[in-house]
Amino acid sequence: MTSSNWHFDTEKSLVESHGLKLDEFEKIVEGLGREPNLTELGIFSAMWNEHCSYKSSKYWLKKLPTSGERVIQGPGENAGVIDIDDGDVAVFKMESHNHPSFLEPYQGAATGVGGILRDVFTMGARPVANMNALRFGDPNHPKTKHLVSGVVGGIGGYGNCIGIPTVGGEVNFHPSYNGNILVNAMTVGIAKKDKIFYSAAAGIGNPVVYVGSKTGRDGIHGATMASAEFDDDSEEKKPTVQVGDPFTEKLLLEACLELMKEDAIIAIQDMGAAGLTSSSIEMASKGNVGIDINLSKVPMRAANMTAYELMLSESQERMLMVIQPKKEELARSIFKKWDLEFEVIGEVTDTKKLILHMNGEEQASIPINILVEDAPEYQRDYIVNDPSPLISFESKDFEDKDILNDLLKMISHPNLCSRKWIWEQYDHMVMADTVVRPGSDAAVVRVHGTNKGIAISTDCSPTYCRHNSYEGGKHAVVETWRNIVASGAEPIAITDCMNFGNPEKPEIMGQFVECIRGMGDACSKLNYPVISGNVSLYNETNGEGIYPTPVIGGVGLIRDLSNTMTIDLKNEGNVLYLIGESNNHLGNSHYLSIIQSREDGGTPSINLDDELKNGKFILDCISKKLLKSVHDVGEGGVLVAIAEMCISGKQGIKIDITKDFLHGFFFGEDQARYLVEVSQNKLEQLEVDASKSAVKIERIGEIGGTSISINSIGEVELSSLIDHHTKWFNEF
Amino acid sequence: MKTHVIVFPGSNCDRDVAVAIQNIIGSSPEMVWHKDSTINQSDLIVVPGGFSYGDYLRCGAMASTSPIMKSVIENANKGVPVMGICNGFQILIESGLLQGALMRNSSLSFICRDIIIKPTNTKTIFTNKSTISKMPIAHNEGNYFANSNQIKEIEDNDQIAFQYCDENGDINAHSNPNGSINNIAGVFNKSKNVLGMMPHPERAAESIHGCDDGRNIFESLLS
């Protein structure tokens, strides 16, 4: 539609400033049978933006496998739920807080943690672990240091205060994030299978209750901001970033869990993105009912707030509930004990409409189905670019290269060096159930009061996704699966956080489509379904998009914690083996990028049959107590993985390997591989079992000494490895 | 043994210490809400770690004025063992039961990691089984300070409970995680029935924690 035939009373610029397209506005008018008032326009804007409506991604997300024998709740609720035996369930989800964290890193990251924690305890689970996945720009970019410090401070500030351990995560640097950092936060909680809470409102006439903090003017249009690209003036959007209050969240957590022990809550929904708007509409939509709200009753932090502001505020630490009328006083007394707001602000109706009143006047009346079922859904055009071509490297190109010197350069690079500086700022031990601390393949937390544990890993390799989105999507899934296997756990399910550029560009949409296809194939093959997730699009600044970054958060179960594995080498005299095939794949490896400043050569292809076979072999060996330590071979290849095991265990190793192409072997990033430590008396059994399972194993060397020594090449002392590994962040 | 753990809004190590008491001392403690006014008959009162009142004001300042603290102080003055861990140490200082101050870590960052401490006085109810021990710290404000007169006084009275040290027990700058004066990690009151310490013994209390050196503090109380 051109501006010349704009025939509405509503100003065109007002519609545009609400992030709505003109045909979307027409759809609103058609649905309502009239033009919306300002409050209603704000509500549509909040519900129909990309962040809340998934309008560009929904069609494709439906293609992911979401069910399985352990899946109790798949995507669509506040978080997904899996069965972990004995009547226990694990509840988890990952969410992005990218846009706000770039504008205001401390508060953006802090409220990202706060939001995902609420998603999990809304379901009736006590959160037991936080994880994250962070992407920053070039380490030397002038903004990077400020952003890293702010984000790490915000994640720690929130998680430490509320007392949920931050047990791990991943951090990477790449220039494609110079203008759009990624902050993805994941929470895992534990609940009882018969005490899971959902969001569907029910019971006509039942009270709708507001609990938590008061509503202020912070974060208005936060979700709409997060659905747009940045430009040079984006700093001006800072007021759309919310401010976190972890202390109030701690009180809200305890009050909600206390009330959940009573038979009082019919439905509960966190007020996250788009606050009161999305929470009330989602509850009504899921329950197929209407909701009337008297906005004058909403606890307010500022004077003279309007209906528009109250509906769009993203003030934090708030929840909406429908409760049993008979339990109202009991519920009120619990929230008062914790010094929190508790106000009946409305009721469930049979109108199937959201009707708002304030000061005795009707402020909005919108049929729920127009907002939800009739929300725009796009099958956007997409182009799949050809994957970057594979390059074959030859040993003669590397004859003059010094392997051990290259190793030192690699482990001191920001993308491979120790993250201790970061995780020491996170309380990773509060709750006293942390079994495997940050720095191993997966974090492991005990299920409180039992001898079983949950293993958690977050991962993604955006460079792989950029050069071959299909294999990259597969890789992100498989990498978490492998990390979980390496910790001794059976992988069960994943959550995803799909971070991409502008979906209106066909090549970006093509990346999205291909990543989804790769993820779906991997999830199906590995019986590792997607149970929750989040999509963050428009991660662009001045038209430059980020690399496709489908971050995966995987969760597994260790039935007996004595089978927990870590990466640190344990004992002198034990032998290190490599499990899996090595084909010297140096394309798009860390070796090329760090040592040769190159980014080409294709993405390693992933053979899902091999992944499954090798992973099962590892779990089988662990249950037979054959292994002392296990490490997935990932970023940087075999030699970097060996160095990490040595540094972590403060053990040296004598590597005895003969290869034509040592650089390819040591730094290639072929998939489906693990390093395992085996004691002398188990070597034979390992070799026999491997041969029975048709799994390739290769002896690497014997553990001992104070250095990594490679026959015919030389050695490097552990102390030097440790210095190089920790230097970059220590000087940060 | 009858034990009590105080719960303030924002306490978050209350459950952890209750589990350690249950496992080591053998009976579960009574959890006491901060708005309660009295504790009768206790053999041990623990003020746990966390972020009471969010630590939005000076750490421990708000909690030290909670109704229950009057009873904690009375019990302490009667000789009942009182132990403050981390935020609990900060609260005991703010309430006047212990001397000194806990300032922001010298690194200006939150620090969560294992450290090693050495008991300075092993003739107390809390430390009679203590040796050089590894356990975690997790705090932003654990930088202990006392002026020279106070330091002299607490030294003369053997009131230093623990000092940060290295694996060999050497007390040096390298082993000091947060800038504490004289590497002080914990102190007693004059009568040695009140202990405040920044490290978390309840997080080093079973094999799953990777280290169980924290047990010796609770075991000392049993003997």
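With the helix formula -39500 (n - 2.57) applied to DSSP H stretches of n ≥ 4, chain B reaches a computed 222 nm mean residue ellipticity of -6000 deg cm²/dmol.
Ordering of A:18-28, A:550-560 by packing is A:550-560, A:18-28, highest average first (other Cβ atoms within 10 Å, averaged per residue).
Burial here means at least 40 square angstrom less accessible surface with every protein chain in place than with the chain by itself, probed at 1.4 Å; in region B:14-34 the buried residues are B:Arg15, B:Asp16, B:Trp33.
In region B:3-222, Cα pairs under 8 Å separated by at least six residues give a relative contact order of 20 percent.
Taking the longest Cα principal axis of chain A as reference, the axis of helix A:328-337 is set at about 60 degrees. Per residue, region B:3-222 exposes 37 Å² of solvent-accessible protein surface, assessed with a 1.4 angstrom probe and all protein chains in place.
Sorted from greatest to least, the principal axis extents spanned by the alpha carbons of region B:3-222 come out as 43, 36, 32 Å. Per-residue ellipticity at 222 nm computed for chain A from its helices equals -10000 deg cm²/dmol, with DSSP H segments shorter than 4 residues left out and the rest contributing -39,500 (n - 2.57). Shown here for region A:96-170: chymotrypsin sites (Phe, Trp or Tyr not before Pro) in loop regions (DSSP other than H, G, I, E, B) with at most 16 other Cβ atoms within 10 Å, of which there are none.
Its Kirkwood hydrodynamic radius, worked out from the mean inverse distance over all distinct Cα pairs, puts region A:447-548 at 14.4 Å.
In region B:105-223, one over the average inverse separation of all distinct C-alpha pairs is 14.3 Å, which is the Kirkwood hydrodynamic radius. Listed by chain and number, the lysines whose alpha-carbon sits under 18 Å from that of A:Lys145, ignoring those within fewer than 8 places in the same chain, are A:Lys420, A:Lys727. Our Cα-only numbers for region B:165-223 put the radius of gyration and Dmax at 13.2, 36 Å. Using a Förster radius of 30 Å, what is the FRET efficiency between A:Asn385 and A:Leu612 based on their Cβ-Cβ separation? Nearest 0.05, please. The calculated FRET efficiency here is 0.55. How high is the relative contact order of chain A, in percent, counting Cα pairs under 8 Å that sit 6 or more residues apart? Relative contact order comes out at 15 percent.
Using θ = phi - 60° in the Karplus curve 6.51 cos²θ - 1.76 cosθ + 1.60, the 3J(HN,Hα) couplings for region A:39-56 round to 4, 5, 4, x, 5, 4, 4, 5, 7, 9, 6, 4, 4, 8, 9, 6, 5, 8 Hz; x is entered for Gly and Pro. Its convex hull of Cα atoms gives the protein assembly as shown a direction-averaged projected area, equal to a quarter of the hull surface, of 38.8 nm².
Of the Cα atoms belonging to region A:333-486, the radius of gyration and Dmax stand at 26.9, 83 Å.
Candidate cross-link partners of A:Lys682 among the lysines, defined by an alpha-carbon separation under 20 Å and a same-chain spacing of 8 or more, comprise A:Lys570, A:Lys616, A:Lys624, A:Lys625, A:Lys628, A:Lys654, A:Lys692, A:Lys696. In order along region A:504-515, the phi-based Karplus estimate (6.51 cos²θ - 1.76 cosθ + 1.60, θ = phi - 60°) of 3J(HN,Hα) comes to 6, 8, x, 6, 5, 4, x, 4, 4, 4, 6, 4 Hz; Gly and Pro are listed as x. Amide H contacts of A:Ile84: A:Val89, A:Ala90, each under 5 Å away and 5 or more positions distant or on a separate chain (H built 1.01 Å from N in the peptide plane; Pro and chain starts excluded). Straight Cα distances below 12 angstrom link A:Lys650 to the aspartates and glutamates A:Asp568, A:Glu572, A:Glu717, with same-chain residues fewer than 8 positions distant left out. Interface between chains B and A: roughly 2300 Å² of accessible area buried, both sides summed (probe 1.4 Å, protein heavy atoms only). Annotation: amide H-H contacts under 5 Å for A:Leu354 (H modelled 1.01 Å from N, sequence separation of 5 or more, or interchain): A:Ile291, A:Ile366, A:Ile368.
Legend: mean number of C-beta atoms from other chains within 10 angstrom of residue C-beta atoms, peptide B:107-113, equals 6. Heavy-atom accessible surface of B:Met198, to the nearest 10 Å², is about 0 Å², with a 1.4 Å probe and all protein chains retained.
Karplus-derived 3J(HN,Hα) values for region A:517-534, using 6.51 cos²θ - 1.76 cosθ + 1.60 with θ = phi - 60°, are 4, x, 4, x, 5, 5, 4, 5, 5, 8, 6, 9, x, 8, 10, 6, x, 7 Hz; glycine and proline are entered as x.
Projecting the Cα atoms of B:Val5, B:Ser95, B:Asn23 onto the charge dipole of region B:3-222, computed from C-beta unit charges around the Cα centre, puts B:Ser95 farthest toward the positive end.
Of the beta bridges in the protein assembly as shown, as assigned by DSSP with both residues counted there, near 75 percent are antiparallel.
Not counting the cut sites, what is the longest span of chain B without trypsin sites (Lys or Arg not before Pro) that DSSP labels loop and that have at most 10 other Cβ atoms within 10 Å? Answer - B:124-223. Against the main long axis of the alpha-carbon atoms of chain A, helix A:683-693 sits at an angle near 60°. Over the protein assembly as shown, with every protein chain in place, what whole percent of the accessible area is carbon and sulfur at 1.4 Å, could you tell me? Carbon plus sulfur share of accessible area: 46 percent. Beta bridges per DSSP, both residues in region B:3-222: antiparallel share near 60 percent.
Close amide H pairs (under 5 Å, H built 1.01 Å from N) link A:Asn132 with A:Gly168, A:Gly169, A:Glu170, A:Met186, residues at least 5 positions away or on another chain.
The values are calculated or read from the model by the stated rules, or taken from the named source; none is laboratory data. Because the structure is a prediction, the values reported are computed rather than measured. Using ideal geometry, Cβ is built from the backbone for each residue, glycine included, and neighbour counts are taken over all protein chains shown. For accessibility, only protein heavy atoms count, side chains too; no ligands or nucleic acids. Shrake-Rupley method; radii C 1.70, N 1.55, O 1.52, S 1.80 Å.
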